[in-house]
Amino acid sequence: PVQNVPPHDAASASGRFTRTPCGSIADAAGKLEWFVGPDVDMTFDQARDWAKELAVCGQGWGLPTLAQLATLHDPRLTAGRGFSVAGKHWPAHIDPLFSGIGGGSWAWSRETPDAATAKAYNFNQGTETRTGKSGKGMTIRAFAVRGLSPAQ
């Protein structure tokens, strides 16, 4: 599977996040550990399976909740190129350590209102969206999350 490990010299603009030696992002404020998925459009099922099978930095990863994703949104910051349409870019408003989001502005949550839809978080606008699990026409990425271990 494709892994997206951002450069180790990337610095947190907010001071809230730290890059771990294995490439994850430790969130001291939220007591969570994050890993940014590949810079490719994913269906909900692809994102869920990628997060569940992720073995970088150890086991125990999964897709985040909308509430967890919302804690990352910061309108003062940008990361990645963002969604692009008609020559205009809509970057993710998130700490630059999450630059692996690349051409995406959304990230899947684990929340599925029904069998056909799932919820994603729009980091450009700071809003949630409900869409078909195919994510067709949207640049939705995957973030994996787990509780931050006390050693970090």
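The values are calculated or read from the model by the stated rules, or taken from the named source; none is laboratory data. Worth saying up front: this structure is predicted, and the values here are computed from it rather than measured. Glycine gets a Cβ as well: all are built from the backbone with ideal geometry, and neighbour counts include every protein chain shown. Ligands, DNA and RNA are excluded from the accessible area calculation, which covers all protein heavy atoms including side chains. Shrake-Rupley method; radii C 1.70, N 1.55, O 1.52, S 1.80 Å.
Summary of values
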{"quantity": "Sole exception among (1) of a type in the set (Gly, Ala, Ser); (2) open to solvent by 30 Å² or more (accessible area, probe 1.4 Å); (3) modelled with pLDDT under 95; (4) not in a strand (DSSP E or B) for residue 84, by number", "calculated": "(4)"}
{"quantity": "In segment 95-117, the residues that are modelled with pLDDT of 95 or more and of a type in the set (S, T, N, Q)", "calculated": "109, 112, 117"}
{"quantity": "Test for residue 35: is it aromatic (Phe, Trp, Tyr), at pLDDT below 95, open to solvent by less than 70 Å² (accessible area, probe 1.4 Å) and not in a helix (DSSP H, G or I)", "calculated": "no"}
{"quantity": "Any pair with Cβ under 7 angstrom, 6 or more apart, that starts in segment 24-46 at a residue that is without any contact (Cβ under 8 Å) to a residue 40 or more places away in the chain and ends at one that is surrounded by 22 or more Cβ atoms within 10 Å (Cβ to Cβ)", "calculated": "24/33; 24/34; 24/35"}
{"quantity": "Residue satisfying all of: in segment 104-120; part of a loop (DSSP other than H, G, I, E, B) and open to solvent by less than 10 Å² (accessible area, probe 1.4 Å); farthest from residue 66 (Cα to Cα) among these", "calculated": "104"}
{"quantity": "Candidate set: segment 121-138, residues that are in contact (Cβ under 8 Å) with a residue 40 or more places away in the chain and under 19 Å from residue 111 (Cβ atoms); chosen: the one surrounded by the fewest Cβ atoms within 10 Å (Cβ to Cβ)", "calculated": "126"}
{"quantity": "Only listed residue being under 15 Å from residue 67 (Cα atoms), in contact with a Gly (Cβ under 9 Å, 6 or more places away or on another chain) and not aliphatic (A, V, I, L, M), chosen from 130, 146, 141", "calculated": "146"}
{"quantity": "Scope segment 38-59; condition in a helix (DSSP H, G or I) and hydrophobic (A, V, I, L, M, F, W, C); matching residues", "calculated": "44, 47, 50, 51"}
